[in-house]
Every structure is written in C-alpha cells, then in structure tokens.
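These notes are about the structure you will find just below.
The values are calculated or read from the model by the stated rules, or taken from the named source; none is laboratory data. On a predicted model such as this, the values are computed, not experimentally measured, just so you know. Counting neighbours? That spans all protein chains shown, and the Cβs are built from the backbone with ideal geometry, glycine included.
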Amino acid sequence: MKITLSSAGLKDWDGSVLIIGLFEEAHEKQIQSFGLPYKSYLIHRLKEQKFRAKSGEIQAFDLPENTPSKLILVGLGESKSLLINDLRNAAALSARASIGTIGKLGIFFPWELFDPESAAQAVGEAIRLSLFKDLRFKSKPEPLLKTNCIELIGVNKSAEACLGKISPICAGVELARELVGAPPNNVTPSTLAETAALISKEYGLQSTVLEKEDCEAKGMGAYLAVAQGSDLEPKFIHLIYKAKGPIKRRIAMVGKGLTFDSGGYNLKVGAAQIDLMKFDMGGSAAVIGAARAIAELKPENLEAHFIVASCENMINGSAIHPGDIVEASNGKTIEINNTDAEGRLTLADALVYASELEPDAIVDLATLTGACVIALGDEIAGLWTENEQLATELINAAKASGEGIWRMPMQATYKEGLKSMLADMKNTGPRAGGSITAGLFLKEFVKESIPWAHIDIAGTVWTDKDRGIDPAGATGYGVRTLVNWTYEQLKH
Ligand code: BES
Ligand code: MG
Ligand code: ZN
C-alpha cells in the first residue's frame, strides 16, 4: 500500500474515494468552505440523516459520474477534545466504509491541530491496519476490494519523513497478526523458529535457535518442564539487531511463545476458551514483529535482542504432574502447583538468559493471566515495573502508538502467596491478585541491577469484533509500542 502526501485542494483532488473529517460544532460551515460542487446536496442529505459529526458517526455517498465517485464524511466530535487516537479511529471507520471501492483513496483531516508527523503516521497506519484481512487458510480466497494507494491531503510537507516508517511498522504488526491468528497446527515452535530465521535472513539479523539439548545444557529446567508434555520439540529463539557504528543502547525483548496452551493436567475446561489458546504466543509474535520492523527501520546506536522460549503446553505420559518440582537455570527451584501457569515457567529461563546478556533494559510481553483480562479488559495491557524511567518510556511509547496500557502495582507483600513448603517457590498463588503474583514470580529470574518491565497482553492480543484499527481476530498488540520504545530510549 502506497501512502503519500497531496497538496491538492479538496475540489481538485482526483481520486476515487474521498474521506473528510468534520467537527461537531461546525460541520456545515466546513462543508461550505471546501467548495465542492455538490455541497448543497450534501448538506441537505446530512440534515435528513440527522448527521451531527459526533465521534463515530459516518455517512457515505455514492456520487456516480463524479470525481471522487465516493465521499465519506466522518464525525470527529468537538475540536477541543480531539486526540490523535480519535483520528486513528475515524480513519479506520472510514477505511472500512471504503471497502468495495478500488482506486486512489484521499483523506482530509484537521492535521494542523497536531504535530503533522505524528498525525500523518497514525492515520496512515490506521488505514493500512484496519484493511488487513487474513485469507491464508481459505481454499478460495476472496480478497477485500480495497484501495492500494492513499493520499493524505493537506498535511504539512514536513511530515514526508515519517511516511517511510509506516510500511515497516505495519508489516511488523501484520506479521504478528498472522502468527497469532494462525492455527496451532500451523504455527508450532518449529515454524515459529523458521519464520524468525526467515526474517533474519531477509533483513540482516543474527539468528540463533537453541535446541532442546542446548537448553538442557544451560539447565533450563522450568522451560523444558513445560515442553516435555508435547510431541513437538521446543525451540529457543534468539535474534539480534546491531546498528552499524557505535552502540549506545543495548536492550532485550522477551516474548511468551506458547503455540498452544491446553493447560496441561490442570486442563482448561468450562468457560476457558481452549481453542483460542493458539494466541498464547502473542508475546513472541509482538517481539518477532518488532524485530521485523526494527530490522528494516535500522535505528542507529542500538543493539536489540529478541528472545522467545517457544513450546506447547500439552498432555502425554511424560507431561509434568501438578506438584512436580523443577529447577530453573538460575538454580531456583519451583513447585508446579498448577500446570496451567506454564507461561511464567518458560519466561523464567528466558529472563535468566536475557539477564546474562547484561542489557540496559529488559521488557517481556506475555499472554500471562486471565486475571489481567478481568482487571483491565481487552483494550488495555497491564504494565509492571519498579523502574520509573522504564515505566515512563513504555507508557509514552504505548500512548504514541495508540495501544492501551496501565501501570499495575508490584506489591511485594503478595510474594507470600508463592511460598512453597518444599521448593523455593510455587508457580501460582491465590486467585485474587493473580496477575500481580505472576509478575512477582517473573521478578525472581531477572538480575536485580537490570531495569525490567513485564507487560501482560492476555486481553489485548485478540479482539472478538472489529475495534478501532483492529479487525476482529489477532491484534498484533505490542509491535508498535516496542518499536516506539526503542526510539524513545535513543532520545536520551
Ligand atoms: N495463557 C493463559 C493466560 C490467559 C488466560 C490468556 C485467558 C488469555 C486469556 C495462562 O497460561 C494461564 O493459563 N494462566 C492461568 C494462571 C492460573 C493457573 C494461576 C490463568 O490465568 O487462569
Ligand atoms: Mg496456561
Ligand atoms: Zn498460557
């Protein structure tokens, strides 16, 4: 999808679909001011439809024989409360309404109210990502009839520079969506590792995959315990991006990579939607998607590590029993009182591995707990960190990307809940505050001197219905936040 700037006036613009954002307080005046030949007709029809340009309102007009042949008017609400995220949502809504029409799509928004680069990037991403559709598994795919060429009309020329970022970032998000959306017989630990190797080759990353024996040699007893109930081999994936020239910042991103989570002997039953547990590798998808984007964007002064301890949580004769005690690669022993709390076991060894690289910061993303979904719903991820600077960076990065995030407490006293009579700790505590004890568990495996943050994306990895810029299904949550975060840190 090609995205460019256009300096044409609205009445001279020569594409097929024109989207115009309108303010609640002044939409009639605005329409008058554009000088469109059919403005009286529009105003009449909008009155008829009781259109008030409230946020989320939309009216589409077919104008056969005209240029453009389709006009989409979208409400932006009141100008004084307008945020960039409102532009994203309005762009996505309008882009969806444009489906069925091919040819050039133009969009005219009040760019001047924002930093033009941020507004243009946000809207460009929103249009491309809201028109994403996964057709890989249809025997007779029917592609969306959609535009392949977008012009942002009336944006200040200074925004030109940001347009180059849109494609790599969106490709990263789309890769993450495809990885998460694929069924668990398609994305397995092996194919996940193959995909990682493929993007490494294509974009020049270093890529290593540790096999089961390598992980055994490193003493990754927690991770391998989860993997032992599956017929599929675990794959521990490590990708490295290294900028040419001096390195000023070294970071590590760790993603939970359970390609299927049955729960193990604590089998997921009842309300738990077991068929959706293909999305339990959403953390790894975000990390690999971010790797794909960063590798193409090539930020200077950065060394970034992307780490995924991938496996399945299944049941067979060698699967872990509830009650088993295992030893992680930092020597700590864990009583597995619940086999369904498997993600933290895999992350334990991944975080020890990341800590050994001595990076300046570690961020992990994981579909870790149902408790986080109960607390924050499916639009907001939970953020745990004891490092103020890292918290600020990640919150800013998420805000800039339009991804929801909320900082949660790392309540040290809740560690009590993880006490084990036999081992150093249990892997689960009480139901109440379950996403907090999960975070406290992970903390045991991160070197204390390294700033670390944990992001629980159990809710945000998936949406049941079209929502904002996300079509129903896998959202690709985290890619944009991670990419923005890398740039955020390079600022200081
Ligand atoms: N993958 C799940 C978490 C999850 C649940 C993600 C629902 C998305 C939606 C994780 O492995 C899990 O099963 N966690 C348990 C932990 C519990 C046993 C302490 C949970 O949340 O129920
Ligand atoms: Mg589980
Ligand atoms: Zn899981």
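Kindly check whether there is at least one residue in region 117-136 that is farther than 19 Å from residue 7 by Cα, more than 25 Å from the chain's Cα centre (by Cα) and modelled with pLDDT of 95 or more.
No, every residue in region 117-136 fails to be farther than 19 Å from residue 7 by Cα, more than 25 Å from the chain's Cα centre (by Cα) and modelled with pLDDT of 95 or more.
Consider region 147-173. How many of its residues are modelled with pLDDT of 95 or more, surrounded by fewer than 20 Cβ atoms within 10 Å (Cβ to Cβ) and over 14 Å from residue 120 (Cα atoms)?
Residues in region 147-173 being modelled with pLDDT of 95 or more, surrounded by fewer than 20 Cβ atoms within 10 Å (Cβ to Cβ) and over 14 Å from residue 120 (Cα atoms): 3 in total.
Mind listing just one residue for me: the one in region 206-253 that is of a type in the set (Gly, Ala, Ser) and in a loop (DSSP other than H, G, I, E, B) and, of those, farthest from the chain's Cα centre (by Cα)?
219
Could you look through region 330-353, keep only residues that are under 29 Å from the mean Cα position of the chain (by Cα) and of a type in the set (S, T, N, Q), and pick out the one that is surrounded by the fewest Cβ atoms within 10 Å (Cβ to Cβ)?
For region 330-353, the residue satisfying everything is 338.
Within 13 Å of ligand 1 (Cβ to nearest atom), within 15 Å of the chain's Cα centre (by Cα), over 18 Å from residue 408 (Cα atoms) and surrounded by 19 or more Cβ atoms within 10 Å (Cβ to Cβ): does that describe residue 475?
For residue 475, the condition - within 13 Å of ligand 1 (Cβ to nearest atom), within 15 Å of the chain's Cα centre (by Cα), over 18 Å from residue 408 (Cα atoms) and surrounded by 19 or more Cβ atoms within 10 Å (Cβ to Cβ) - is met.
Rundown of residues vs (1) surrounded by 21 or more Cβ atoms within 10 Å (Cβ to Cβ); (2) part of a helix (DSSP H, G or I), yes/no style:
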residue: 66; (1), (2): no, no
residue: 91; (1), (2): yes, yes
residue: 100; (1), (2): no, no
residue: 103; (1), (2): no, no
residue: 106; (1), (2): yes, no
residue: 125; (1), (2): yes, yes
residue: 129; (1), (2): yes, yes
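Only one residue in 277, 281 is assigned to a helix (DSSP H, G or I), within 13 Å of ligand 2 (Cβ to nearest atom), out of contact with any Asp or Glu (no Cβ under 8 Å at 6 or more places or on another chain) and at pLDDT 95 or above, so which one is that?
281
Answer with yes or no whether residue 413 is more than 16 Å from ligand 1 (Cβ to nearest atom) and of a type in the set (S, T, N, Q).
Yes; evaluated as a whole, the condition is true for this residue.
Report every pair of residues separated by at least 6 positions or lying on different chains whose Cβ atoms are under 6 Å apart, first residue within region 142-167 and more than 16 Å from residue 104 (Cβ to Cβ) and in contact (Cβ under 8 Å) with a residue 24 or more places away in the chain, second of a type in the set (D, E, K, R) and assigned to a helix (DSSP H, G or I).
Every condition considered, the pairs that remain are 159/117; 162/117; 166/125.
Here's the yes/no breakdown for (1) within 16 Å of ligand 3 (Cβ to nearest atom); (2) closer than 14 Å to residue 437 by Cα; (3) in a strand (DSSP E or B):
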position: 326; (1), (2), (3): no, no, yes
position: 346; (1), (2), (3): yes, no, no
position: 359; (1), (2), (3): no, no, no
position: 373; (1), (2), (3): yes, no, no
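Can you name every residue in region 24-64 that is under 24 Å from residue 127 (Cβ atoms) and assigned to a helix (DSSP H, G or I)?
27, 30, 31, 34, 42, 46
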